[in-house]
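To start, the structure under review is shown below, and the notes come after it.
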Amino acid sequence: MDADKKDNIIGYVDFDSGMSSTGDIPIKVPFGSLTLVHTGQYVKISQASNGISFLARISKGPFFETEAVSKDSAFARVAILQASNPKIMAPDYHGTCVAKVMGSLNENLQVGGTHLRPRPQSAVRSLTSDEIEKILGLGGGDIYLGIGRAYEDVRITLPSNSMAGLPRNVGIFGTIGSGKTNTSQVLIEEASTKNWTVVVLDVEGEYVDMDKPSVQKLPFEKFDMEPAGMKNFQVYHPSNAEPSRADSVKFGVPFGSIPPYIYSEILELTEAQQRRFEEAYSDLLRNSARQKQRKQKKPNEFDTIVDGSTETVAGITLEDMIDRVHGRLQQAAGVDASSWSTLHSKLRRLRREDIFDQGKMINFEEDILKHNTAHVIDFSTTVDDQINNLVIFHLLEGIFKRKRKDKAGKLPKVLVVIEEAHSFVSREKAARMRETLLKLKEISRRGRKRWMGMCFVSQFPAHLPAEIYDLCNTIIAHQIRGGKHLDAIKDSTGGVDPQVWDEVPNLGEGECLLVSSIFKNRPLFCKIRPCSSKRRFVEGQGVDDEMEDAKEGSK
């Protein structure tokens, strides 16, 4: 056994049973090695006969079998039933487990495909932390996420300068208390100091204090870090919301920055109301003074809006639309009057929100798109999801247009974090929000070539349209217990052993399953580091107290 320990041998490949499958390898583990084996462990299986090696992951076990006697013998039964009696000896036993072959493994620790299976008596060796890092491609990243769940001396990182990382979008999912918000906060902290600008769409107001250090009692030293607030941090709130802190910047939205078809979808206009909306909008285009001053007119002016090629179309305001719709209502009769009247009411509801064409408008280049900055858009005191979604669309489209025009690459890389993403676009509304989903696809697919990525965060993965998962190249799954929510993520990450997902419902707080092409789509269980900045609502201080502190600090 001493030679086995020296060679890191923890067991040997067993003979197959009638129930064996091609990818599953049965392993026998001697008693002395049982403490060295655990589920999720990566191992190297070597065949002495031909020198072939395999990379495998223990997917089941260890289980424990008696050796000289049957487990149903009187000796074994008494040993279990009277285990507290020191005079009762236990029979000798060993371990068994099942490993899933992931490919062949050469002497340079490079993984390739294989059609072979390791033979019985092949040695099963544990891998060192350095070997794990090299095999899975863990080294070299500068975005520090945490450590391996079973390999605590292995740092889990993402590369900030790789197109395969953040630009290809991230999905963070998990139940309440699983650690998903901490993970998104860690990602914000890291990216905003690696030449990215991070924009957080915060529906709960949890991120508005990230410029302050965390006061939670967490094992920071375990992760070689200490609490610290973020620098270059700013909070904004829509003009229809109350500020969560005294220095929050209020902003409005230009009505003309959002195309008519997006208004139609998000406001859930009927087909008749949508036609009326488009008619009124076209009237304003034709009569606009700015439109007359344009040097070259488009043959179809409405296409200018539909293809989203202008940011604020002809300077059209909400008041312009309300006046135009009211004028058409005065001339209408019968069914037409009914649709014009309903549209008029919905537009007036928009006006009551005091968000469109009100106050300061965000200047994306000067306010948002700055290197190494973080910006939280605080929606926590708003109550209308439709208005929030219109604001979110305005922000996404505004940032994307700037990045698309930035041919010289002077603007920073951009990560947009969408908290509670299911409230923006849901599976239930997917059929009615076709254009919004198409715009998300366009931003995600064309944006990654321009260093713009999105991070979708949700506790209800099953409520998100399947298209969202297709956009995410990196999935971070915390504890998820609901079957339909877990199935939604499983269906989007092909190639991952189904048995791996069985471990997700039992993950502890802060633990997650990480699947990414950066790690060659091999499943990786991690312990995410604690966020160093403050998160509101978990620090033991209420909203009223937070506001009082902010007011005192501004005096």
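Given points 7 Å out from each Cα along the Cα-Cβ axis, report the SER338 to PHE537 separation in nanometres with one decimal. Here the answer is 4.2 nm between the modelled labels. Sum -39500 (n - 2.57) across every DSSP H segment of at least 4 residues in the chain, then divide by the residue count to get the 222 nm mean residue ellipticity, nearest 500. So the helix-based figure for the chain works out to -9000 deg cm²/dmol. Once each part is reduced to its C-alpha centroid, what is the distance from the stretch 69-86 to the stretch 338-352 in angstrom? Between the Cα centres of the stretch 69-86 and the stretch 338-352 lies a distance of 78 Å. Under the simplified labelling scheme, the ALA272-ARG77 pair shows an inter-label distance of 7.9 nm, with each label point 7 Å from Cα along Cα→Cβ.
Under the combined filter of DSSP loop state and at most 16 neighbouring Cβ atoms within 10 Å, the stretch 58-117 retains these GluC sites (Glu not before Pro): GLU67, GLU107.
Computed log10 I(q)/I(0) for the stretch 2-127 at 0.09, 0.19, 0.21 Å⁻¹: -0.30, -1.01, -1.17, from the Debye equation with unit scatterers placed on every C-alpha and solvent omitted.
So what is log10(I(q)/I(0)) for the chain at q = 0.12 1/Å, when the Debye sum runs over its Cα atoms only? Result of the Debye calculation: -1.14. Note on LYS401: aspartates and glutamates with a C-alpha under 16 Å away, same-chain residues under 8 apart excluded, are ASP307, GLU311, GLU365, GLU366, ASP367, GLU442. Modelled label positions at PHE63 and ASN363, each set 7 Å beyond Cα in the direction of Cβ, lie 6.9 nm from each other.
Multiplying the residue separation of GLU242 and GLU152 by 0.36 nm and removing their Cα-Cα distance gives an extension gain of 28.1 nm. Shown here for the stretch 202-246: GluC sites (Glu not before Pro) in loop regions (DSSP other than H, G, I, E, B) with at most 15 other Cβ atoms within 10 Å, namely GLU204.
Listed values for the stretch 209-216 are Karplus-derived 3J(HN,Hα) couplings in whole Hz (6.51 cos²θ - 1.76 cosθ + 1.60, θ = phi - 60°), namely 10, 6, 7, 10, x, 5, 10, 6, and x replaces Gly and Pro.
With 31 Å as the limit, the listed pairs LYS87/LYS222; LYS231/LYS527; LYS360/LYS403; LYS28/LYS87 have LYS87/LYS222 beyond it between alpha carbons. Hey, which of these cross-link pairs are over 20 Å Cα-Cα: LYS180/LYS534; LYS370/LYS441; LYS194/LYS250; LYS180/LYS217? Where the Cα-Cα span goes over 20 Å, the pairs concerned are LYS370/LYS441; LYS194/LYS250. Shown here for the stretch 183-284: trypsin sites (Lys or Arg not before Pro) in loop regions (DSSP other than H, G, I, E, B) with at most 12 other Cβ atoms within 10 Å, namely LYS217, LYS231.
Across the stretch 8-51, the residues whose backbone nitrogen lies under 19 Å from the label position 7 Å along the beta-carbon direction of SER104 are 22-25, 43-51. Extension gain, ASP130 to ASP385, is 87.0 nm, computed as 0.36 nm per intervening residue step minus the present C-alpha separation.
Where a number appears in this text, it was derived from the coordinates with a stated rule and is not lab data. Since this is a predicted model, take the numbers as computed values, not measurements. Here Cβ is always computed from backbone atoms with ideal geometry, including for glycine, and neighbour counts include all displayed protein chains.
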